[in-house]
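The values are calculated or read from the model by the stated rules, or taken from the named source; none is laboratory data. Bear in mind the structure is a predicted one, so any value in this text is a computation, not a measurement. Here the Cβ positions follow ideal geometry from the backbone for every residue, glycine too, while neighbour counts run over all protein chains shown. These accessible areas exclude ligands, DNA and RNA; they are computed on the full protein's heavy atoms, side chains included. Shrake-Rupley method; radii C 1.70, N 1.55, O 1.52, S 1.80 Å.
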Amino acid sequence: MSIKNIRLEVMQLLEKNVSAYVDQYLIPVEKIWQPSDFLPNSESDTFNEEIKELREISKDLPYDFWVAMVGDMITEEALPTYENWLMEVEGVDNLERNGWAKWVRQWTGEENRHGDLLNKYLYLSGRVNMREIEMTTQHLINDGFDIGTGRDPYKNFVYTSFQELATYVSHNRVSQLAKSYGDSKLAKMCKMVAGDEMRHHLAYSEFVNQIFKIDPSEMMLAFQYMMKAKIVMPAHFLRESGQKISSAFEHFSNSAQRIGVYTANDYVDIMQKLIDKWEIDKIGSLTDEAEKARDYLMKLPARMAKISERLIIPQESFQFKWVEPARL
Ligand SMILES: [Fe+2]
Ligand SMILES: [Fe+2]
């Protein structure tokens, strides 16, 4: 039997539990928070005062902070790309409305609130050029992404386990920074988003955990493949209006590094967390090739840490069209 068919069988086996995963890791619509819970209420008579206060407090936040937050928001807003791609993963069948497709739809429903909330906040803040941001979002959706997983569920679940934790780190740091600048409302918003990302991370990493129990060698090889290729960020094609594909990503990433929202050390930390979580050192019944993959993975965080130490981040901020320094 081909590897492809075994993967499909594993996905079908796990699909029997998807309803339980939905109950455990996702929250029903009526119970989960909505963006409106944290934004000024436009139906209220105090709306104008609330906006005024929001805008006043936001004036203290620095340039790189805005760039990092805008980039995070745009990453969230490119959700159609991610839903599409997950629907294409082997074992997910939207036409048949199978269990995995239900998971993807409900995950998308939760994720959609993130971009909504951050977008509305940024719009109200008056600190950023919304039209430029909107053009970048449209470009990013047009450009899609290329994360090197193909339709392989094993590689995809490694990617989502990693990426949900990376977004947790990023939103959580933005929250801490906002708090340190006295913006407790923005801190709360980002904290709520980070909480969702953590739940999603726990779900995807549990899927991988289950696959390790059924098909350990192939799961190990898929993990190695993704770590060797490196996890590409979902917004790696980021560009500003009138610019070439991908031209803004590195500048955004540098801003995020400078202000400590997401750094090369975080990348290594996340890798180590996944290795610990899946107890890679304890996984048995491996083929020779998978044993070698395991050895490679166990040594990788230390190797990557050395490389990240040598990384030099430019001191100067790139001037984005999204955030005009004159306005800050
Ligand atoms: Fe999100
Ligand atoms: Fe997420």
Check: Looking only at residues in segment 95-136 that are closer than 28 Å to Tyr204 by Cα and of a type in the set (A, V, I, L, M, F, W, C), which one is surrounded by the fewest Cβ atoms within 10 Å (Cβ to Cβ)?
Finding: Leu95
Next item on the list: Hey, can you tell me all the residues within segment 73-107 that are of a type in the set (S, T, N, Q) and more than 10 Å from ligand 1 (Cβ to nearest atom)?
Entry: Thr81, Asn84, Asn94, Asn98, Gln106
Next item on the list: Check off (1) in contact (Cβ under 8 Å) with a residue 12 or more places away in the chain; (2) open to solvent by less than 70 Å² (accessible area, probe 1.4 Å); (3) charged (D, E, K, R) for Glu50 and give me the number that stays unchecked.
Entry: (1)
Checklist line | Failed criterion for Leu300 (all others in (1) within 28 Å of Val67 (Cβ to Cβ); (2) assigned to a helix (DSSP H, G or I); (3) among the hydrophobic types (A, V, I, L, M, F, W, C) hold) | finding: (1)
Notebook entry, point to check: Are there any pairs, at least 6 apart or on different chains, whose C-beta atoms fall under 7 Å, with the first in segment 152-178 and free of Cβ contacts under 8 Å to residues at least 24 places away in the same chain and the second buried (at least 22 other Cβ atoms within 10 Å of the Cβ), and if so, which?
Noted result: Ser175/Cys190
Check: So which residues in segment 170-179 are within 14 Å of ligand 1 (Cβ to nearest atom), crowded, with 21+ Cβ neighbours inside 10 Å and more than 21 Å from Ile51 (Cα to Cα)?
Finding: Ser170, His171
Notebook entry, point to check: On the given criteria, is Asp196 within 16 Å of ligand 1 (Cβ to nearest atom) and acidic (Asp, Glu)?
Noted result: yes
Next item on the list: Could you give me the residue pairs with C-beta distances under 8 Å whose first residue belongs to segment 180-197 and is under 18 Å from Glu50 (Cα atoms), whose second residue is within 16 Å of ligand 1 (Cβ to nearest atom) and not in a helix (DSSP H, G or I) wherever it lies, and which are 6+ apart or on separate chains?
Entry: none
Margin query: So for segment 299-307 (the condition being of a type in the set (Gly, Ala, Ser), touching a helix residue (DSSP H, G or I) at 6+ places or on another chain (Cβ under 7 Å), surrounded by 15 or more Cβ atoms within 10 Å (Cβ to Cβ) and over 23 Å from Thr149 (Cα atoms)), does at least one residue qualify?
Written below: yes
Item checked: Within segment 81-94, considering residues that are under 16 Å from Gln12 (Cα atoms) and part of a helix (DSSP H, G or I), the one least open to solvent (accessible area, probe 1.4 Å) -> Leu86
Checklist line | Test: Leu122 is part of a helix (DSSP H, G or I), modelled with pLDDT of 95 or more and in contact with a Lys or Arg (Cβ under 8 Å, 6 or more places away or on another chain) | finding: no
Next item on the list: Determine which single condition Gly195 fails, assuming it passes every other condition in (1) closer than 30 Å to Arg131 by Cβ; (2) open to solvent by 20 Å² or more (accessible area, probe 1.4 Å); (3) of a type in the set (Gly, Ala, Ser).
Entry: (1)
Note to self: Filter segment 150-161 down to the residues that are in a helix (DSSP H, G or I) and in contact with a Lys or Arg (Cβ under 9 Å, 6 or more places away or on another chain) and list them by number.
What the structure shows: Pro153, Tyr154, Ser161
Note to self: Is it the case, given these coordinates, that Leu140 is surrounded by 22 or more Cβ atoms within 10 Å (Cβ to Cβ), within 15 Å of Ala78 (Cβ to Cβ) and over 14 Å from the mean Cα position of the chain (by Cα)?
What the structure shows: yes
